[in-house]
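Since the structure comes first, as structure tokens, the remarks are kept for the end.
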Amino acid sequence: MVSNRSKKFNLSEQTIDAASIICVQTLSEAGADKKDIIRIHLSLEEILGAWLEPLRGALVHVDCGKRFGRVFLKVSVDGPAMGAWEDNEEFILSSRMLSQAGLSFTYAYKNGKNCLTCNPRKKSSVGQMALLLAAVFLAVALGTGARIFPEVQKTALAVTEPLFNMILGALRAVSSPLVFLAVCCGIVSIGDLTVVGRVGKKLILRMLTGTFALAVVMALAGSLLFPVAAESGNKISGNFSAIYQMVLEIVPSDIVSPFLNGNALQLVFLGICVGAALLILGDRVSAAQATLLQVNEAVQFLMSVLGKTIPLFVFLSLFNLILSDFDSGFSSVLKVFAITVPGCFILTLFYVFVAAFRLKVSPVLLMRKMLPTYLIALTTASSAAALATNLETCVKELGIPKKIADFAIPLGQVLYKPGFVIGLFSLGLCMAESYGIPITPLFLFMSVLTAGLLSMALPPIPGGALSVFTVMFAQLGIPEGALALAVAVNAILDFFMTAAGVACLQVQAALASESVGMLDEKKLKKNNS
């Protein structure tokens, strides 16, 4: 049970400790991860410590508790505007990225008060997974039973189909702006790239190249694993024309239609354009940046609320699927697992051996150093849960400078998800095969663009994957009934995809540091066992 707490102090060394203790108590009652609690605790103490001398004796108001089912922390200090990281520009990006994951305080100046707010996420648990498995079991049991009685089957469909369509409509309404805002805010949150210099640009280029190179590899593998529709010379020419037209249509004719139609490529294109413009203009549009980030918070909150209906959505979709005499979709699930799980392990090993060769270090030693972070991600399916260990490993074990790690890891967790590229591509191909959609060169090309872009647009919130599936399946012409299977399968695959993404991100950060001569090779090659 989380208790609401409200205390007032005058700012001093002692009250900084008191304010931190109140926040820690609230987080502990909420069952937050211990490493997240430590990170938030240290973040608050560092900010208040920076404000101590100029604001000594100012009134501090601490307000913590639970509101609408979400834990919140709010600390306000009277006085002139200070800024959360005024004297520590190298932490600006880190604080922005971590605040999006609920692991850092967000700063704002309102009504003569310096306000720090934080909405930490709940600790990952098996509760959602248990509900999801129960929904699948119940849908199969009731659906199979209902098929025996035609009248019951007809009545059940009359009740469940409208409810399914209502939830799907709500998901569609939120999915399009969510994808746009995820891309846009991810770019805005980069801040000023001069903070990290050349390595920041190299790292972002590596992430983009790695994402789309992997998507192309998946397309080549898909052409071997799935029957690609044979085409005549005229049809091939027509396909090239269609591909060229599709590339041109990435630029929308107006700003509204991409949101109405759920066009994934146009949504991502708009997000990149708007985010880049806000990033280039910088302080001149600081109000617009703040507004965009706040709108993103609101939309993510709506999606997280909708995410709680995922078990019901899966039940309704599978139930309707069974009553509609659809059986081939279930066999495709095994194929998704057979591609994605080995694919994630192969991808991880490939990155490890490439890094070992480039950095001239033993692959066994490298794997041993990366293993703790990998296991946390593998057992929690959460890159946020692995964040503290990830940063510690990068700095102390892999020899990545702290300034680069603070930039690369939070940014990568938002924009770089190679494991999800594998899962998204596999699901798209398997669902297309199940529903009889021809897998053509044009389909594969669209899958490369869509999977690559949507992997970067995946919102880091519960239910975020469902919003991406909704947009992707609409783009590829896959029926809505496939969403339930995709969500159920993704809940399990997420453990493997997250672990692969975290490991690949560590390698990318190490290689980017080495390319500019900033990697500490002594730390990297030191055997601490």
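Which members of segment 147-160 meet the condition of being at pLDDT 80 or above and of a type outside the set (Val, Ile, Thr)?
Within segment 147-160, 156, 158 meet the criteria.
Rundown of residues vs (1) free of Cβ contacts under 8 Å to residues at least 40 places away in the same chain; (2) surrounded by 17 or more Cβ atoms within 10 Å (Cβ to Cβ); (3) in a helix (DSSP H, G or I); (4) among the charged types (D, E, K, R), yes/no style:
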residue: 338; (1), (2), (3), (4): yes, no, yes, no
residue: 346; (1), (2), (3), (4): yes, no, yes, no
residue: 361; (1), (2), (3), (4): no, yes, no, no
residue: 379; (1), (2), (3), (4): no, no, yes, no
residue: 388; (1), (2), (3), (4): no, yes, yes, no
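Looking at segment 273-326, which of its residues are free of Cβ contacts under 8 Å to residues at least 24 places away in the same chain and of a type in the set (Val, Ile, Thr)?
Answer for segment 273-326, where residues must be free of Cβ contacts under 8 Å to residues at least 24 places away in the same chain and of a type in the set (Val, Ile, Thr): 280, 285, 291, 305.
Would segment 89-98 turn up any residue that is part of a helix (DSSP H, G or I), modelled with pLDDT under 75, basic (Lys, Arg) and under 28 Å from residue 403 (Cα atoms)? Don't jump to the end; show me each part of the working.
The initial filter retains those residues of segment 89-98 that are part of a helix (DSSP H, G or I), namely 89-98.
Retained after the next criterion (residues that are modelled with pLDDT under 75): 89-98.
Narrowing further to those that are basic (Lys, Arg): 96.
Filter once more, so that each one left must be under 28 Å from residue 403 (Cα atoms): 96.
Yes: segment 89-98 contains one or more residues that are part of a helix (DSSP H, G or I), modelled with pLDDT under 75, basic (Lys, Arg) and under 28 Å from residue 403 (Cα atoms).
Of all residues in segment 136-158, which are touching a residue at least 40 places away in the same chain (Cβ under 8 Å) and either surrounded by 13 or more Cβ atoms within 10 Å (Cβ to Cβ) or outside the structural domain of residue 313 (by TED's automatic domain parsing) (or both)? Walk me through how you get there before you give the answer.
Step one: of segment 136-158, the residues touching a residue at least 40 places away in the same chain (Cβ under 8 Å) are 136, 138-140, 142-144, 146-147, 153, 156-157.
Hits for segment 136-158 are 136, 138, 139, 140, 142, 143, 146, 147, 153, 156, 157.
When you check residue 482 against the structure, is it surrounded by 20 or more Cβ atoms within 10 Å (Cβ to Cβ), modelled with pLDDT under 85 and assigned by TED's automatic domain parsing to the domain that holds residue 370, yes or no? Don't jump to the end; show me each part of the working.
On the way: surrounded by 20 or more Cβ atoms within 10 Å (Cβ to Cβ): yes; modelled with pLDDT under 85: yes; assigned by TED's automatic domain parsing to the domain that holds residue 370: yes.
For residue 482, the condition - surrounded by 20 or more Cβ atoms within 10 Å (Cβ to Cβ), modelled with pLDDT under 85 and assigned by TED's automatic domain parsing to the domain that holds residue 370 - is met.
Of all residues in segment 159-174 being touching a residue at least 12 places away in the same chain (Cβ under 8 Å) and among the β-branched types (Val, Ile, Thr), which is farthest from residue 262 (Cα to Cα)?
Step one: filter segment 159-174 for residues touching a residue at least 12 places away in the same chain (Cβ under 8 Å), giving 160-161, 163-164, 167-168, 170-172, 174.
After this cut, where a residue has to be among the β-branched types (Val, Ile, Thr) as well, the list is 160, 167, 174.
Details: 160: 25, 167: 16, 174: 10 Å.
If we take residues in segment 159-174 being touching a residue at least 12 places away in the same chain (Cβ under 8 Å) and among the β-branched types (Val, Ile, Thr), then 160 is farthest from residue 262 (Cα to Cα).
Let me spell it out: the conditions are (1) at pLDDT 85 or above; (2) surrounded by 24 or more Cβ atoms within 10 Å (Cβ to Cβ); (3) of a type in the set (A, V, I, L, M), and residue 439 meets all of them except one. Which number is the exception?
(2)
When residue 126 is evaluated against the numbered criteria (1) among the aliphatic types (A, V, I, L, M); (2) closer than 26 Å to residue 414 by Cα; (3) modelled with pLDDT of 80 or more, which criterion, by number, is the only one it fails?
Single failed check for residue 126: (3).
Can you find a residue in segment 299-311 that is farther than 28 Å from residue 419 by Cβ, in the same structural domain as residue 496 (by TED's automatic domain parsing) and modelled with pLDDT of 75 or more? Break it down stepwise before answering.
The first filter runs over segment 299-311 and keeps only residues farther than 28 Å from residue 419 by Cβ, leaving none.
Among the residues of segment 299-311, not one is farther than 28 Å from residue 419 by Cβ, in the same structural domain as residue 496 (by TED's automatic domain parsing) and modelled with pLDDT of 75 or more, which makes the answer no.
What helices (runs of 4 or more DSSP H) lie completely within segment 416-500 and have 3 or more residues being under 25 Å from residue 315 (Cβ atoms) and touching a strand residue (DSSP E or B) at 6+ places or on another chain (Cβ under 9 Å)?
On the way: elements: 418-434, 441-457, 464-476.
Answer list for segment 416-500: none.
Determine the pairs where a residue that is of a type in the set (Ser, Thr, Tyr), located within segment 486-501, has a partner that is part of a helix (DSSP H, G or I) with Cβ atoms under 8 Å apart, the partner being 6 or more residues away or on another chain.
That search, which allows pairs on different chains as well, returns 498/377; 498/378; 498/380; 498/419.
Among the listed residues 471, 395, 448, which satisfies the condition of being touching a helix residue (DSSP H, G or I) at 6+ places or on another chain (Cβ under 6 Å), among the β-branched types (Val, Ile, Thr) and either within 26 Å of residue 311 (Cβ to Cβ) or not assigned by TED's automatic domain parsing to the domain that holds residue 496 (or both)? Outline the logic, then answer.
Numbers: 395 fails: either within 26 Å of residue 311 (Cβ to Cβ) or not assigned by TED's automatic domain parsing to the domain that holds residue 496 (or both); 448 fails: either within 26 Å of residue 311 (Cβ to Cβ) or not assigned by TED's automatic domain parsing to the domain that holds residue 496 (or both).
Going through 471, 395, 448 in turn, the sole match is 471.
Among 291, 348, 380, which is the only one that is of a type in the set (Ser, Thr, Tyr) and under 30 Å from residue 226 (Cβ atoms)? Steps first, please.
Values: 291 fails: under 30 Å from residue 226 (Cβ atoms); 380 fails: under 30 Å from residue 226 (Cβ atoms).
Among 291, 348, 380, only 348 is of a type in the set (Ser, Thr, Tyr) and under 30 Å from residue 226 (Cβ atoms).
Of all residues in segment 509-529, which are touching a Pro at 6+ places or on another chain (Cβ under 9 Å) and in a helix (DSSP H, G or I)?
Of segment 509-529, the ones touching a Pro at 6+ places or on another chain (Cβ under 9 Å) are 513, 518-520.
The answer is 513, and nothing else.
Residue-by-condition table, conditions (1) on the phi > 0 side of the Ramachandran plot; (2) at pLDDT below 75; (3) part of a helix (DSSP H, G or I):
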| position | (1), (2), (3) |
| --- | --- |
| 103 | no, yes, no |
| 109 | no, no, no |
| 122 | no, yes, no |
| 134 | no, no, yes |
| 137 | no, no, yes |
| 141 | no, no, yes |
| 145 | no, no, yes |
| 163 | no, no, yes |
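Tell me yes or no: at least one residue of segment 37-44 is modelled with pLDDT under 85, small (Gly, Ala, Ser) and not in a helix (DSSP H, G or I).
Checked segment 37-44: no residue is modelled with pLDDT under 85, small (Gly, Ala, Ser) and not in a helix (DSSP H, G or I).
Filter segment 348-359 down to residues that are over 18 Å from residue 517 (Cα atoms) and of a type outside the set (Val, Ile, Thr) and give me whichever is surrounded by the most Cβ atoms within 10 Å (Cβ to Cβ).
So, considering only residues that are over 18 Å from residue 517 (Cα atoms) and of a type outside the set (Val, Ile, Thr), the one surrounded by the most Cβ atoms within 10 Å (Cβ to Cβ) is 351.
Looking at 467, 455, which is the one that is polar (S, T, N, Q) and within 25 Å of residue 160 (Cβ to Cβ)? First the steps, then the outcome.
Values: 455 fails: within 25 Å of residue 160 (Cβ to Cβ).
Going through 467, 455 in turn, just one is polar (S, T, N, Q) and within 25 Å of residue 160 (Cβ to Cβ): 467.
In segment 400-420, how many are over 24 Å from residue 275 (Cβ atoms) and surrounded by 23 or more Cβ atoms within 10 Å (Cβ to Cβ)? It would help to see each step written out before you state the result.
Narrowing segment 400-420 to residues over 24 Å from residue 275 (Cβ atoms): 400-402.
Among the residues that remain, those that are also surrounded by 23 or more Cβ atoms within 10 Å (Cβ to Cβ) are: 400.
Of the residues in that region, 1 qualify.
Across segment 15-36, what is the total count of residues that are free of Cβ contacts under 8 Å to residues at least 40 places away in the same chain, buried (at least 19 other Cβ atoms within 10 Å of the Cβ) and not hydroxyl-bearing (Ser, Thr, Tyr)?
The number of residues fulfilling the criteria is 1.
Among the residues of segment 479-496, is any closer than 15 Å to residue 369 by Cα and not basic (Lys, Arg)?
Quick first cut of segment 479-496, residues closer than 15 Å to residue 369 by Cα only: none.
Scanning segment 479-496 turns up no residue that is closer than 15 Å to residue 369 by Cα and not basic (Lys, Arg).
Could you tell me whether segment 345-355 includes any residue that is small (Gly, Ala, Ser) and modelled with pLDDT of 90 or more?
From segment 345-355, those small (Gly, Ala, Ser) are 355; that's our starting set.
Keeping just the survivors that are modelled with pLDDT of 90 or more gives 355.
Within segment 345-355, one or more residues are small (Gly, Ala, Ser) and modelled with pLDDT of 90 or more.
Each row is one residue, and each column tells you yes or no for (1) assigned by TED's automatic domain parsing to the domain that holds residue 339; (2) surrounded by 15 or more Cβ atoms within 10 Å (Cβ to Cβ); (3) at pLDDT below 70.
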residue: 195; (1), (2), (3): yes, yes, yes
residue: 247; (1), (2), (3): no, no, yes
residue: 258; (1), (2), (3): yes, yes, no
residue: 277; (1), (2), (3): yes, no, no
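The values are calculated or read from the model by the stated rules, or taken from the named source; none is laboratory data. Quantities reported herein were computed from a predicted structural model and do not represent experimental measurements. Here the Cβ is made from the backbone with ideal geometry for all residues, glycine too, and neighbour counts use every protein chain on show.
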